[in-house]
Amino acid sequence: MADPSVTAPIGGLPPGAAEISVPDPCLLVIFGASGDLTRRKLVPALFGLHREKLLPAGFSVLGVSRTPHTDDSFRALLAEGAREELGSGFDAASWDAFVPRLFYHPGDLLDRAGYPALRDRVRSVCALRGIPGNLLFYLAIAPKHYGSAVLGIGAAGLSAEEEAVPGFRRIVIEKPFGDDLASAKRLSAEVSSVFREEQVFRIDHYLGKETVQNLLVFRFGNGIFEPLWNRNYIDHVQITAAEQIGVGSRGDYYDGAGAVRDMLQNHLLQLLALVAMEPPISLSADDVRDEKLKLLRSVESIPADRVGEACVRGQYAAGTIRGEAVPAYRQEKNIPPGSLAETYVAARFTIDNWRWGGVPFYLRSGKRLAGRSSEIAIRFRPAPYRLFEDTACGQMESNLLVLNIQPDEGIYLQIGAKFPGPSVCVQPVDFRFSYEQSFGAKSKPAYGRLLLDAMLGDPALFPREDFVRVSWALLDPFLTRWRENPGRDLYFYPAGSWGPREADTLLTREGRRWRTP
């Protein structure tokens, strides 16, 4: 365990604020180290922690993949990726101090015979860097290979916590964890045969974003909102994760996953749970995760014969983004010409409990949409209109609370106010809070926060196995329907739009409409 007395200040914290613990030295072993995730996200995030002095002196990275790199060529690849990702924020002098932490081992994770050599390299790097046996494995690989990697780690004895060599063994697994309920159960069985549940960190980078973390503070640290946070005052909730980019270089993975597995099963259901959960008795990992699980278990299952009414899928056709023509999904690299994978999903859920009974939650996510925005929009019930029916009001808007997750992290509240002038005319006005404006800096990358938590052994922001299992169970009726008929409920939309028109009917048939971020 990390020494709680060893701390590092966070820049800009007010006097008396909490400090962040620095973890004990450990070796981070990244499988799939030559891929985009390592180059563009993981290593730049670790470099940021290094610059903030949040990494212990001995902390090191051992990259593993089939690409025949040396330590030097691997370091050059990562330097190029960090420069691209950080732009003007890249500091060459700091990078030179960071580089000695980086090592590489060529190896095929599917070849069980190669794991003893990996074990020897792990031990040599730990000895060289003075690491006391602490190992953190990261699976930055295709989900279909998770089981092989975990079993290989176990067979080589790399997961065993030995009394003679003190230290922790943990593993970070990227989403999606399985591709349906049955495969998630199989993967859980493979993982649990090697690692205990407390050693497993299923990472969802959305949970590391500042606004997502702030949901607990916003909801339970401000007394003015709790009385309103229920079916008596809230009309409906919209959760949106919109992207302008296409699948890029992730075609092989994405075509086997689609938007339901890539976004709905993890990111969006996690946000739903955080928005709607009951107050936990403490902010400990288990108390928070227990309440999230209770909430997800309260989400009403969709009967098989009503799945088509509750969910719409889409796939982008050719269109225009920011004035530039972009190809259809089926024309992207590594995508089969007749692919039926969805790049858009919109779904309606309800929660069967006393707080939320009758309040619809609309979740949507898509690629090649008109804008990039992730947000939670809470629409309150409208005020009685009769008081203003003889004025120049026009159509009054009900109050709206929006929590922006990206790109501009913050919160705004929309209320009605009288427009200046002799007549009574109500206009919507916004109260805005911006993290950058209020605290002087943009929030840190989510991966850095989550990697630090994994090193410290803090699982609060990582989904537990039971939550993953319940989320797949909720989506199984959808997946079964589409497995039987892959093209069902799939509609095409032009790139640069807000998705297929058929998704509008999820709301319009109830007298509502999607909000444009």
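The values are calculated or read from the model by the stated rules, or taken from the named source; none is laboratory data. None of the values given here were measured: they were computed from a predicted structure. We place every Cβ from the backbone using ideal geometry, glycine too, and count neighbours over all the protein chains shown.
Which residues, counting only those in the range 471-517, are under 24 Å from the mean Cα position of the chain (by Cα), within 25 Å of Gly358 (Cα to Cα) and part of a loop (DSSP other than H, G, I, E, B)?
Correct list: Trp514, Arg515, Thr516, Pro517.
Kindly indicate the residue of the range 293-326 that is in a loop (DSSP other than H, G, I, E, B) and free of Cβ contacts under 8 Å to residues at least 60 places away in the same chain and also surrounded by the most Cβ atoms within 10 Å (Cβ to Cβ) among those meeting that condition.
The extreme case among them is Glu300.
Find the residue count for the range 392-409, including only residues that are within 19 Å of the chain's Cα centre (by Cα) and at pLDDT 85 or above.
4
In the list Ser124, Ser94, Ser183, which residue meets the criterion of being modelled with pLDDT of 90 or more, outside any strand (DSSP E or B), surrounded by fewer than 19 Cβ atoms within 10 Å (Cβ to Cβ) and in contact with a helix residue (DSSP H, G or I) (Cβ under 7 Å, 6 or more places away or on another chain)?
Answer to the check: Ser94.
Out of Leu118, Leu27, Leu109, Leu62, which single residue is assigned by TED's automatic domain parsing to the domain that holds Ala149, crowded, with 18+ Cβ neighbours inside 10 Å, touching a Cys at 6+ places or on another chain (Cβ under 6 Å) and more than 22 Å from Lys444 (Cα to Cα)?
Leu27
Filter the range 127-153 down to residues that are buried (at least 21 other Cβ atoms within 10 Å of the Cβ) and of a type outside the set (A, V, I, L, M), then give me how many there are.
5
What pairs come up if the first residue lies in the range 438-465 and is closer than 16 Å to Pro44 by Cα, the second is modelled with pLDDT of 90 or more and assigned to a loop (DSSP other than H, G, I, E, B), and their beta carbons are under 8 Å apart, counting only those six or more places apart or on different chains?
Note: pairs meeting the criteria are Leu450/Phe462; Leu452/Leu54.
Which residues, counting only those in the range 242-278, are within 18 Å of Ala341 (Cα to Cα) and within 15 Å of the chain's Cα centre (by Cα)?
Residues satisfying the conditions are Ala242, Glu243, Ala259, Val260, Arg261, Asp262, Met263, Leu264, Gln265, Asn266.
Determine, yes or no, whether Arg231 is in contact with a Gly (Cβ under 7 Å, 6 or more places away or on another chain) and either among the charged types (D, E, K, R) or under 25 Å from Arg512 (Cα atoms) (or both).
Considered against the rule, which asks whether it is in contact with a Gly (Cβ under 7 Å, 6 or more places away or on another chain) and either among the charged types (D, E, K, R) or under 25 Å from Arg512 (Cα atoms) (or both), Arg231 comes out as yes.
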